[in-house]
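A short reminder: the numbers here are calculations on the coordinates, not readings from a lab. Just so you know, these numbers come straight off a predicted model, no measurement behind them. We place every Cβ from the backbone using ideal geometry, glycine too, and count neighbours over all the protein chains shown.
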Amino acid sequence: MTRKEGRIEKSIALVTGGAKGIGKAAVILMAKEGAKVAVTDVADDEGRAVIGQIRENGGTAEYWHMDVSDEQAVMDVFADVKKHFGPIDVLVNNAGISGVDKPTHEIEAEEWQKVIDINVKGVFLCTKHAIPQMREAGKGSIINLSSIYGIISAPDIPPYHASKGAVRLMTKTDALIYAKDQIRVNSVHPGFIWTPLVEELAERSEQGVDRFKSHLDSLHPIGHVGEPEDIAYGILYLASDESKFVTGSELVIDGGYTAR
């Protein structure tokens with residue numbers, strides 16, 4: 001009996017923020033579906049643990065330490081991934097932080113800039129250095145992690161909302177620029193997903209983790225927050241040829257949050 005080919009069997013994928021949460025779920029699933037996966041993050045211990053898990057399950061993956069806001073680091077890692085696996089044809093711009101939760105007039109410029117450097121500049125730098133490799137490969141899929149808060153807003157974390165709105169429009173612009181190169185660019189907009197980032201917000205809240213999570217559950221018509229795997233399957237779809245006619249689109253995976 002021949003082995004069934006995975007959905008992205010011939011792909012070489014680089015995922016930022018791949019050590020935890022949505023990124024971790026994505027790299028595990030993509031490796032399971034046949035891709036060679038470059039896992040990048042600044043959380044080295046967790047990143048290496050993910051690589052071990054992938055290899056135990058028969059997948060192919062390597063870990064690279066990479067700060068997405070540092071262009072030289074991005075250049076060096078992308079070049080090394082190409083030497084190791086070949087030209088990248090799937091990029092998942094997942095790395096991000098929530099930043100400070102203050103009203104706009106209380107935010108320091110440095111606090112604002114830190115979020116923009118990782119959430120926006122990081123997407124720009126990784127896209128910039130992925131494009132030449134995708135042109136060499138003859139095709140590509142860039143998947144940018146935005147948020148429901150790239151579409152609607154809420155009265156909190158202003159720099160985060162600004163950053164995710166920027167990612168949404170960067171996606172559409174790049175989709176138009178690179179369509180002629182057979183490079184597709186799409187954004188994913190999760191609702192609240194129970195990841196380390198959201199858990200950190202819960203721990204910082206005055207109401208405590210359990211009440212915070214219960215409140216988040218109530219915001220989603222489906223009745224609960226999502227799991228990282230819910231987003232990973234959307235990423236997998238956009239990485240695969242199943243979405244070959246999809247570019248400049250917003251894939252909202254939010255349990256009905258934005259339908260209200």
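In this rough spin-label picture, where each label sits 7 Å from Cα along the Cβ direction, the D44-K139 distance is 3.7 nm.
Dimensions of the chain along the principal axes, based on C-alpha atoms and rounded to the nearest Å, stand at 52, 42, 37, largest first. The label point for E106 and the one for S214, both projected 7 Å from the Cα toward the Cβ, are 2.6 nm apart. The stretch between A154 and H65, if pulled fully straight at 0.36 nm per residue, gains 28.7 nm over its current Cα-Cα span. Note on segment 113-260: semi-axes of the ellipsoid equivalent to its C-alpha gyration tensor, largest first and rounded to whole Å, are 30, 17, 12. When both segment 147-209 and segment 58-117 are represented by their alpha-carbon centers, they are found 14 Å apart. The phi-based Karplus calculation (6.51 cos²θ - 1.76 cosθ + 1.60; θ = phi - 60°) puts the 3J(HN,Hα) values of segment 70-75 at 10, 4, 4, 4, 4, 4 Hz, whole numbers, x for Gly and Pro.
For a label point 7 angstrom out from the Cα of T258 toward its Cβ, which stretches of segment 181-217 have the backbone nitrogen within less than 17 Å? Only 185-193 pass the distance filter. Summarised as an ellipsoid, segment 211-260 has semi-axes of 27, 12, 6 Å, derived from the eigenvalues of the Cα gyration tensor scaled by 5 and square-rooted, with the largest first.
Placing +1 on each Lys and Arg Cβ and -1 on each Asp and Glu Cβ, with no other charges, gives the chain a dipole about its Cα centre of roughly 1100 debye. Per-residue ellipticity at 222 nm computed for the chain from its helices equals -14500 deg cm²/dmol, with DSSP H segments shorter than 4 residues left out and the rest contributing -39,500 (n - 2.57).
Quick one: compute the contact order of segment 97-201, relative version, from alpha carbon pairs under 8 angstrom and 6+ residues apart, as a percent. Working shown, then result.
Details: 131 pairs, mean separation 35.2, N = 105.
That works out to 34 percent.
For segment 1-116, a crude dipole built from +1 on the beta carbon of Lys and Arg and -1 on the beta carbon of Asp and Glu, taken about the Cα centre, is about 880 debye to the nearest 20.
At full extension, E206 and K83 could sit 39.4 nm farther apart than now, given 0.36 nm per residue minus the alpha carbon distance. Computed from label points 7 Å out along Cα-Cβ, the spacing between E242 and L197 is 2.4 nm. For K102, a cut-off of 23 angstrom between C-alpha atoms picks up these lysines, skipping any fewer than 8 places away in its own chain: K114, K121, K164, K213.
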